[in-house]
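FYI, it's all coordinate maths here, none of it is from the lab. It should be emphasised that the depicted structure is a prediction, and the values quoted were computed from it without experimental measurement. Heads up, the Cβs are rebuilt from the backbone with ideal geometry, glycines too, and the neighbour counts pull from every protein chain shown.
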């Protein structure tokens with residue numbers, strides 16, 4: 001133990017003596033004074049807490065006072081944050097973060113107070129929302145139907161005047177339910193939801209019929225379903241959901257729905273809340289709510305669906321015979 005202690009003390013002395021600014025000269029025992037003669041350039045000596053260094057002044061070597069350096073703390077640099085420009089979403093898959101960004105409409109645009117993660121494309125992985133291989137036809141998003149403008153499109157599982165039970169719709173990505181609605185049509189229950197991913201993508205799903213227990217609990221916070229009252233209600237606080245959670249196990253309108261409403265189908269809208277759809281021209285105008293009409297997308301284009309689901313959707317026949325769409329480019 002004694003040998004170890006002695007070694008530590010000697011090592012400490014070596015470190016102090018070898019420092020160029022704290023090396024204590026031993027050539028002169030007398031305390032130096034500024035301007036007095038010294039013998040070796042670079043030699044240092046301390047006296048009463050003051051350090052002197054021997055420097056050449058003209059032709060002589062003299063002691064010069066070494067000024068004390070005041071220590072200051074260096075400011076911590078601000079973290080660099082990379083922001084992906086909202087005007088052009090990346091077409092490649094990107095790792096998303098754990099941001100809890102919630103997007104809200106301020107009457108003019110969608111915004112979030114948190115830093116959103118980068119959107120991960122495809123935002124709807126293969127089979128995550130539904131089984132596209134069983135879909136029979138689609139309706140284009142972004143067109144006038146029934147005398148009003150519809151930003152959303154639709155998917156159909158049944159032939160005209162028939163009903164296909166057991167269509168399952170699932171949450172396509174981790175996110176939150178921010179709005180929902182429920183109503184009756186001829187006594188037949190219907191519901192819909194808006195689900196946001198924190199990166200800024202929203203899916204709007206309507207004409208679902210049988211909710212899972214999880215979504216029935218979410219819908220229970222709404223006013224009771226009333227005939228033809230499809231008003232949308234905000235879910236506050238938003239309900240957290242995970243990719244794969246079942247939303248509905250039956251969709252559309254079964255019998256006794258009239259022939260023009262009978263069928264298994266859903267409304268399907270996809271929105272990029274980060275920016276207005278760039279395909280829309282400056283003269284674009286509709287009677288639909290701008291928060292939905294200006295931000296909706298052509299969901300079977302643009303890498304939002306997996307390649308296989310996108311290929312199936314793009315090749316589906318059009319259920320209503322109208323190929324027009326403000327959002328979809330012509331192949």
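Some points to look at:
- With the largest listed first and rounded to whole Å, the semi-axes of the equivalent ellipsoid of segment 95-217 from the Cα gyration tensor are 27, 18, 16.
- Semi-axis lengths (Å, descending) of the ellipsoid that matches the C-alpha gyration tensor of segment 104-314: 25, 20, 19
- Highest to lowest packing among 280-287, 203-210, 214-221, 124-131, scored as the average C-beta count within 10 Å: 203-210, 124-131, 214-221, 280-287
- Spacing of the two label points (7 Å from each Cα toward its C-beta) at residue 216 and residue 109, in nm: 4.3 nm
- Using the alpha carbons alone, the radius of gyration of segment 200-331 stands to its Kirkwood radius in an Rg to Rh ratio of 0.96.
- Normalised by the number of residues in segment 104-314, the average gap of Cα pairs under 8 Å and 6 or more apart makes the relative contact order 29 percent.
- Spin-label model distance (nm) - residue 260 vs residue 232, 7 Å beyond Cα toward Cβ: 2.5 nm
- Each label was represented as a point 7 Å from its Cα along the Cα-to-Cβ direction; for residue 224 and residue 134 these points are 3.3 nm apart.
- Difference of contour (0.36 nm per residue) and Cα-Cα distance, residue 33 to residue 46: 3.7 nm
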